[in-house]
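The values are calculated or read from the model by the stated rules, or taken from the named source; none is laboratory data. Predicted model, so just to flag it, every value in this text is computed and none were measured. Neighbour counts are summed over all protein chains in view; Cβ atoms, including those assigned to glycine, are modelled from backbone coordinates with ideal geometry. The protein model used for the area step is the full one, side chains on, heavy atoms only, and it has no ligands, DNA or RNA in it. Shrake-Rupley method; radii C 1.70, N 1.55, O 1.52, S 1.80 Å.
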Amino acid sequence: MSTRRIAATICLLLLAANVMAQALSDADKQREDLAQFRRDFFDKDRAFSPAARREAENKLAELEKAAGSFEPAAFDLALARITALADNGHTMTIVAPRSRRYERVDMRLVPFGEEFYVLRVKSENADLLGARLASIDGVSMASLRPAFRSLSGGTPAWRDRSAPFFLESPPQLRAAGIGKDSAAPVYAFITIEGKTLARTFSVSPPGADRVLGNATRWMFPVLAPLEDRAWRTLIEAERAPWTLQEPVKRFRWRHDAALDAVVIDMRQSSNSANEKLKDFFEGVEKLIADAQPAHLVLDLRLNGGGDLTTTRDFAEKLPTLVKGRIFALTSPWTFSAAISTLGYLKQAAPARVTVVGEPVGDRLQFYAEGRTATLAHSKEVVLHATERHDYQDGCRKFDDCHRHVVARPIAVPSLDPDIAAPWTIEAYRAARDPAMEAVAAALMLKK
């Protein structure tokens, strides 16, 4: 057969495959996605308890029977509820990509404690900045909380990190039984003065060009590259505390002469596109050698993780670089390999390391080390977890632990804050950094 005829045959086969794909019914597409969900996620994940796996299996079987009867958002949320039954932070459907597939109101919420506050909004609704979300279409936050916490696993505070992607999405709200038809939902807020304001918002259509901010991005008052100038933020960028500046930089450090300390801001535990951990470590060590500080502050509050093997040597070495106190700043956004980094640091110098802030975003025992899979038709992104991490007992009682944790175990009684310093909405509004204030207070008490 000639090259031309082979090429023509391939084109015809591709065309036929494309026609067949287009001819698939909604039921066929959902069945194929469910089969892939089983194969690439459910059969591989190891975090489900026996009881949770039975419940998940029953719900998955119900979905398979009803395939084709779900609207896209309802289908996605049904899968999310199944992943959440594992009650494991790393076992998940990833919410940020979903936010590009559905309409989203022009308002951004961030959790402080168990409440959600407006940190970003279009200029016509600027009076809502700093206001607390009270209800959506008459459904109170107390009633909404079980709905959005059922969509992800892990600690309640970790589940809340992804909740704004749901609360800001009218199609997802309707799929959960909140809202009427296609009408824009009515959001009710309580302002700082205690006034109740009801509001509907303009809605951005789905699209790949929409700003894809992760759960921490809206803490930074600097506008994202794709945000237009009509957006307003609760605090001006120039007023932001140091830790909320330069959102594109993943690794930062500075000498704080007033505290006699070097402050390290590590926002991920892996190389970034333009920054290498090796250069970061060298920069920190050079600054310490030059400044000769007594103390050290490691800020992990906005670090969602990465690769624990890339930071453990650095974490274990930090106590040898200074003679004074070491403070580790944490929050519910401190997750995955960032928790590992904290564990290695605390283990290296338990008497000198003081944890400041809020509890980290996971427990001391969890499953991780999985891979993502994108379902062919819904485009839902699922992540399974296959290996145990045990930072309480160093994985001595289990045979399914991550090999790197077995080789270099972590065994600490707790990683909870020694000094509570939550980032409250009042502190944020005033452009204050409660954890750094707590560090300053602790050092003053020692003088």
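Suppose we filter Ala420, Ala376, Ala385 for residues that are buried (at least 21 other Cβ atoms within 10 Å of the Cβ) and at negative phi; which single one remains?
Of the residues listed, the single one that is buried (at least 21 other Cβ atoms within 10 Å of the Cβ) and at negative phi is Ala385.
Among the residues of the range 25-58 satisfying the criterion of being basic (Lys, Arg) and touching a residue at least 60 places away in the same chain (Cβ under 8 Å), which is surrounded by the fewest Cβ atoms within 10 Å (Cβ to Cβ)?
Among those residues, the one meeting the criterion is Lys44.
So the check is Cβ under 6 Å with 6+ separation or different chains; which pairs have a first residue in the range 353-366 that's open to solvent by 10 Å² or more (accessible area, probe 1.4 Å) and modelled with pLDDT of 95 or more and a second one that's part of a strand (DSSP E or B) and of a type in the set (A, V, I, L, M, F, W, C)?
From residues that are open to solvent by 10 Å² or more (accessible area, probe 1.4 Å) and modelled with pLDDT of 95 or more, the pairs are Thr354/Phe327.
Need at least 1 residues that are of a type in the set (A, V, I, L, M) per element, so show me which strands (runs of 3 or more DSSP E) inside the range 166-263 make the cut, counting only ones lying wholly within it.
Because the criterion is at least 1 residues that are of a type in the set (A, V, I, L, M), the strands (runs of 3 or more DSSP E) in the range 166-263 that meet it are 187-190, 196-199.
Can Asp393 be described as among the charged types (D, E, K, R), under 16 Å from the mean Cα position of the chain (by Cα) and either open to solvent by 20 Å² or more (accessible area, probe 1.4 Å) or at pLDDT 95 or above (or both)?
Here the answer is no, as Asp393 does not meet what is asked.
Which of the residues spanning the range 193-227 are of a type in the set (Gly, Ala, Ser), closer than 20 Å to Pro111 by Cα and either modelled with pLDDT under 90 or touching a Leu at 6+ places or on another chain (Cβ under 7 Å) (or both)?
Gly213, Ala215, Ala224, listed by residue number.
Please indicate, with yes or no, whether at least one residue in the range 105-121 is touching a residue at least 24 places away in the same chain (Cβ under 8 Å), farther than 18 Å from Ile192 by Cβ and buried (at least 23 other Cβ atoms within 10 Å of the Cβ).
Yes, that holds for at least one residue.
Could you name every one of the helices (runs of 4 or more DSSP H) located completely within the range 47-154 that has at least 1 residues being touching a Ser or Thr at 6+ places or on another chain (Cβ under 9 Å), modelled with pLDDT of 95 or more and closer than 30 Å to Glu387 by Cβ?
Where helices (runs of 4 or more DSSP H) fall fully within the range 47-154 and carry at least 1 residues being touching a Ser or Thr at 6+ places or on another chain (Cβ under 9 Å), modelled with pLDDT of 95 or more and closer than 30 Å to Glu387 by Cβ, they are 50-65, 72-84, 141-149.
I'd like the full set of residues that are over 17 Å from the mean Cα position of the chain (by Cα), open to solvent by 10 Å² or more (accessible area, probe 1.4 Å) and either closer than 12 Å to Phe37 by Cβ or of a type in the set (Val, Ile, Thr) (or both), limited to the range 77-96.
Passing the criteria: only Ala78.
Checking the structure you have, find out if any residue of the range 272-280 is open to solvent by less than 70 Å² (accessible area, probe 1.4 Å) and modelled with pLDDT of 95 or more.
Checked against the condition, which is being open to solvent by less than 70 Å² (accessible area, probe 1.4 Å) and modelled with pLDDT of 95 or more, the range 272-280 yields at least one hit.
Pairs, please: C-beta under 6 Å, at least 6 apart or cross-chain, first residue at pLDDT 95 or above and in the range 429-447, second open to solvent by 80 Å² or more (accessible area, probe 1.4 Å)?
Listed by first residue and then by second, the contacts come to Ala431/Arg239.
Only residues that are among the charged types (D, E, K, R) and surrounded by 20 or more Cβ atoms within 10 Å (Cβ to Cβ): list them for the range 343-352, please.
Lys346
Please indicate, with yes or no, whether at least one residue in the range 247-257 is within 24 Å of Asp299 (Cβ to Cβ), open to solvent by less than 40 Å² (accessible area, probe 1.4 Å) and over 23 Å from the mean Cα position of the chain (by Cα).
yes
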